[in-house]
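Worksheet: the structure to be examined is printed underneath.
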Amino acid sequence: MGKYFGTDGFRGEANKDLTVEHAFKVGRYLGYYYGKKNPEGRAKVVIGKDTRRSSYMFEYALVAGLTASGADAYLMHVTPTPSVSYIVRSDNFDCGIMISASHNPYYDNGIKVINGMGYKLEAAVEEEIEAYIDGEIGEIPLATRDNIGKTVDYTMGRNRYIGYLMTIPTRPFKNMRVGLDTANGASYLIAKSVFDALGAKTYIINNDPDGFNINTECGSTHIEKLQAFVKENNLDVGFAYDGDADRCLCVDDKGEIVDGDKILYVCGRYLKDKGELNNNTVVTTVMSNLGLYKAFDKKGINYEKTAVGDKYVFENMMENGHSIGGEQSGHIIFSKYATTGDGVLTSLMIMEVILGRKVKLSELFNSLTIFPQLLVNIKVTSKDDVMNDPDILKLNDEIAEELGDDGRLLLRKSGTEPVIRVMVEAGTDELCKKYVDRMVDFIKEKGYAI
């Protein structure tokens, strides 16, 4: 974890934690860095953004920095994060930049850098950018005369991504009634176009962004809006995306939430039955529900657990050749088609399962029992002190023993805040609360709580 860059880019409140000067310097260094690596001496960088008001400001600042360093900037405008990753790979860009704070409120923003292979930028390069921002690297040269970079409208990149998505399903969506919640975000120009082209009867909500309403009471973080919409309109399925459309949660035909764990379950089983589940393994994070693992055990499917973050899921998938992995939050990666979580792609894969199985989505979870889960965040003076305290570790072991095979306690540090996350899964909500309260109260008794 760097000073500015976390597991998902450089993120913070616009012009407070992440300023326009920061964006300019990120552009300056990326243009310089990739310019040195490019045989022609001029980098090609593609940029996408979500619908936040500040995204336009950061876009122009990045463009100024890139072109001042001699790089050419190609603008996809408002587009999902996975589309930038796709275009970087398919059109041979040196790197891509996505301006978004994902599911965060409108006043936050972020800069995600994607390398030429479509993966998240290497930590070593992020460290160089941070050193340049802090003045620890000498000033880099400004381009002059015909070496100054140019800006190119690259809306065609977004259109090519739409075309790519349309080639993935193997069946038409005719007669399927589908609801979409685009969170007033990056998918509002894309998702409905794809579903309409594939023949679905598409109903859409929260697709009128104004710069301030992204993720506001809508999208995957407020899926209750889509639940009501699906039930009111008697739809077959609904899909909710986040602000940059790299995650997807679903609503089944009964109006029930289908989270990332359930998506991994139905898609993992479907891939296994088709002989396409590489290594017979699904990659999860430590936050996935215990019920998912028990269901996989019954179906003879192996699984791996990574740290929280789709970055870690993808690294595991690439190292081992796995075909599917993801998080509860709806970041699902299908390595055959993408190098990052892709909300619209995930919804297409769910449609494949529904149509391939010839059943309703609600009928695909008969062998899956999700355990009650409770997560509490507690602000602390020192995360490391809490995690290394022998008394806390002893209590952790005691609770784990009491829960046995029908529950678990997970303590972990937040990657961006002075917070310890206490999560318990157990057979009942009452047991979850009992053990969470026991651990939280003990952390407070030890004097760590702020």
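Brief remarks on what is shown
- Test: residue 401 is of a type in the set (Asp, Glu), surrounded by fewer than 14 Cβ atoms within 10 Å (Cβ to Cβ) and over 26 Å from residue 265 (Cβ atoms): yes
- Flag for residue 436 being touching a strand residue (DSSP E or B) at 6+ places or on another chain (Cβ under 8 Å), at pLDDT 95 or above, within 28 Å of residue 12 (Cα to Cα) and surrounded by 15 or more Cβ atoms within 10 Å (Cβ to Cβ): no
Conditions (1) touching a strand residue (DSSP E or B) at 6+ places or on another chain (Cβ under 6 Å); (2) not β-branched (Val, Ile, Thr), marked per residue:
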site	(1), (2)
330	yes, yes
336	no, yes
342	no, yes
346	yes, no
351	no, yes
354	no, no
364	no, yes
377	yes, yes
380	yes, no
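- The residues in region 329-351 that are among the charged types (D, E, K, R), more than 17 Å from the chain's Cα centre (by Cα) and crowded, with 18+ Cβ neighbours inside 10 Å can be counted, and the count is 0.
- When the criteria are applied in full, residue 204 meets the requirement of being aliphatic (A, V, I, L, M) and either surrounded by fewer than 17 Cβ atoms within 10 Å (Cβ to Cβ) or part of a strand (DSSP E or B) (or both).
- Residue 424 vs. criteria at pLDDT 95 or above, assigned to a strand (DSSP E or B) and either touching a helix residue (DSSP H, G or I) at 6+ places or on another chain (Cβ under 6 Å) or more than 18 Å from residue 328 (Cα to Cα) (or both): yes
- From the list 362, 414, the one residue that fits, being within 26 Å of residue 294 (Cα to Cα), within 26 Å of the chain's Cα centre (by Cα), surrounded by 13 or more Cβ atoms within 10 Å (Cβ to Cβ) and among the small types (Gly, Ala, Ser), is 362.
- The residues of region 68-122 that are over 20 Å from residue 158 (Cβ atoms) and over 18 Å from the mean Cα position of the chain (by Cα), listed by number, are 68, 69, 70, 71, 107.
- Exactly one residue out of 256, 232 is without any contact (Cβ under 8 Å) to a residue 12 or more places away in the chain, closer than 21 Å to residue 176 by Cα and either touching a Ser or Thr at 6+ places or on another chain (Cβ under 6 Å) or not aromatic (Phe, Trp, Tyr) (or both): that is 232.
- Flag if residue 409 is out of contact with any Gly (no Cβ under 6 Å at 6 or more places or on another chain), free of Cβ contacts under 8 Å to residues at least 60 places away in the same chain, closer than 25 Å to residue 328 by Cβ and in a strand (DSSP E or B): yes
- Count - residues of region 179-218 that are acidic (Asp, Glu), over 21 Å from the mean Cα position of the chain (by Cα) and under 19 Å from residue 346 (Cα atoms): 1
- Taking region 309-328 as the range and being part of a loop (DSSP other than H, G, I, E, B) and crowded, with 23+ Cβ neighbours inside 10 Å as the test, the residues that pass are 322, 327.
- Taking region 177-192 as the range and being assigned to a loop (DSSP other than H, G, I, E, B) and either basic (Lys, Arg) or modelled with pLDDT under 95 (or both) as the test, only 189 passes.
- The set of residues from region 252-267 being in a helix (DSSP H, G or I) and within 16 Å of residue 370 (Cα to Cα) comprises 260, 261, 262, 263, 264, 265, 266.
- For beta carbons closer than 6 Å, sequence separation of 6+ or different chains, a first residue in region 118-139 that is under 19 Å from residue 340 (Cα atoms) and a second that is of a type in the set (Val, Ile, Thr), the qualifying pairs are 118/88; 118/339; 119/339; 121/113.
- Residue check, residue 356 out of contact with any Cys (no Cβ under 8 Å at 6 or more places or on another chain) and either surrounded by fewer than 23 Cβ atoms within 10 Å (Cβ to Cβ) or of a type outside the set (D, E, K, R) (or both): yes
- Summed over region 35-62, residues that are surrounded by fewer than 24 Cβ atoms within 10 Å (Cβ to Cβ), within 17 Å of residue 143 (Cα to Cα) and in contact with a strand residue (DSSP E or B) (Cβ under 9 Å, 6 or more places away or on another chain) total 3.
- Test: residue in region 283-298 that is aromatic (Phe, Trp, Tyr), in contact with a helix residue (DSSP H, G or I) (Cβ under 8 Å, 6 or more places away or on another chain) and more than 28 Å from residue 121 (Cα to Cα): yes
- Search result, residues across region 211-229 that are in contact (Cβ under 8 Å) with a residue 60 or more places away in the chain and part of a loop (DSSP other than H, G, I, E, B): 211, 212, 213, 214, 215, 216
- Residue that is surrounded by the most Cβ atoms within 10 Å (Cβ to Cβ), among those in region 16-34 that are over 23 Å from residue 91 (Cα atoms) and touching a helix residue (DSSP H, G or I) at 6+ places or on another chain (Cβ under 7 Å): 23
- Region 423-433, subset crowded, with 17+ Cβ neighbours inside 10 Å and in contact with a Phe, Trp or Tyr (Cβ under 9 Å, 6 or more places away or on another chain), residue nearest to residue 384 (Cα to Cα): 424
The values are calculated or read from the model by the stated rules, or taken from the named source; none is laboratory data. Please read all numbers here as calculations on a predicted model, not as lab measurements. Don't worry about glycine lacking a Cβ; one is built from the backbone with ideal geometry, like all the others, and counts go over all protein chains shown.
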